Amino acid sequence: MIHIPDFAHATTVQIIFCFLAFITVITAFLTIFSRNPIHSAIYLVICFFSIAGHYLLLNAQFLAIVHIIVYSGAIMILFLFTIMLMNLNEQREVHRPRITRLGAIVSFCLICIVLIAIFINSKPIVEYDPSNGEDFQSIKVLGKILLNEYMVPFEFASILLLVAMIGTVLLSKKEKLNK
């Protein structure tokens, strides 16, 4: 059974969470349904900031700051440059067949059902282990885990980003030479 919170007895954290959740959901839908690509990008930035607020509520300050720097900063600048270079404001929208729309709606509903089932059956995460005295939200512990246990995947991710950057430079130079 789903528990609906009673706002008369809600704590400040619960009120902030509900406000951030409302902002996140609304801006996510506005990102999808906005016809102007620049407006969609702005709504996505607002959505990213509200998600960073959720990280702050979970006491993950480092993750919130990295999320703002990486997503709201670097990736959104990349999106805006791409939108401006592609000139997406032209009205050349292709209408999809109804079967494609129906398939998208069915897929969306199935994914929502699976996510709701996961959220309902999930168990709380232990944030602090008093046996060893370490706070798992600290940057020191995160650095130890990231650079000891997950060193190889961390390096693969950096190599993947480097290859993508080199590929982008090569593709842009190839287009300049063809013009």
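The values are calculated or read from the model by the stated rules, or taken from the named source; none is laboratory data. Being a predicted model, the structure only gives us computed values, none of them experimental. As a convention, Cβ positions derive from the backbone with ideal geometry for all residues, glycine included, and neighbour counts pool all protein chains shown. We work out accessible area using only protein heavy atoms, side chains counted, and drop any ligands, DNA or RNA first. Shrake-Rupley method; radii C 1.70, N 1.55, O 1.52, S 1.80 Å.
Values for this structure:
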read-out: V13 accessible area, 1.4 Å probe, all protein chains in place, Å² to nearest 10; value: 80 Å²
read-out: Accessible area in square angstrom per residue, the stretch 10-89, 1.4 angstrom probe; value: 66 Å²
read-out: Solvent-accessible surface ranking, highest first, for T24, T11 at 1.4 angstrom; value: T11, T24
read-out: Modelled FRET efficiency - R0 41 Å, K173 with N121, Cβ distances, 0.05 increments; value: 0.20
read-out: Linear extension gain, R35 paired with L161, 0.36 nm per residue minus alpha-carbon span; value: 42.3 nm
read-out: Peptides ranked, highest mean first, by Cβ atoms within 10 Å: ranges 50-57, 16-23, 29-36; value: 50-57, 16-23, 29-36
